[in-house]
Amino acid sequence: MSYLGMNAKTGRRITGADHLSQSVGKIIGTSVGTRVRRRAFGSVAPDLVDAPANAATLLQLYAAAATALLAWEPRLTLRTISAQADAATPGVLIFELSGEALIDNEVRPVSLSTRIGA
């Protein structure tokens with residue numbers, strides 16, 4: 001099955017790895033309860049951006065991202081995840097994800113990066 005979407009910045013058609021990357025960013029970067037008619041969509045990760053930068057918060061971020069992707073992105077099998085604050089931009093977290101994804105009817109290894117926050 002091939003997914004077809006619209007690029008959120010250009011309005012043009014996107015598929016494959018570009019569509020997957022955009023979807024992962026939307027899922028992790030959308031707070032639960034903010035989408036009308038789809039209140040369960042998203043993750044609690046955006047709510048943790050301003051939490052204390054400690055091991056407990058980091059674990060909560062990993063769990064929030066992994067849980068949301070498991071629920072909302074059936075193409076992706078997540079293997080590793082990391083998050084760190086963007087030193088250049090306060091209030092921004094950068095997630096690095098890797099795993100396997102169904103892209104163009106083929107399971108392929110993927111590495112994705114997405115930013116959430118300010």
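The values are calculated or read from the model by the stated rules, or taken from the named source; none is laboratory data. Since the structure is predicted, the reported quantities are computational estimates derived from the model, not experimental observations. Protein only, heavy atoms only, side chains kept; ligands, DNA and RNA dropped before computing areas. Shrake-Rupley method; radii C 1.70, N 1.55, O 1.52, S 1.80 Å.
Solvent-accessible area of Arg75, all protein chains in place: 20 Å² (probe radius 1.4 Å, heavy atoms, ligands and nucleic acids excluded). Estimated at the nearest 10 Å², the accessible area of Tyr3 is 70 Å² with a 1.4 Å probe. By DSSP, the beta bridges lying fully in the chain are antiparallel in about 95 percent of cases. Taking 0.36 nm per residue of separation and subtracting the Cα-Cα distance, full extension of the segment from Arg35 to Glu106 would add 22.5 nm. In the full protein context, the chain carries 61 Å² of accessible surface per residue, based on a 1.4 Å probe and ignoring ligands, DNA and RNA. For P(r) over Cα pairs in 10 Å bins from 0, in percent, computed directly from the structure shown, the correct entry in (1) 11, 19, 15, 15, 17, 19, 5, 0; (2) 14, 44, 34, 8, 0; (3) 14, 37, 22, 10, 6, 5, 4, 2, 0 is (2).
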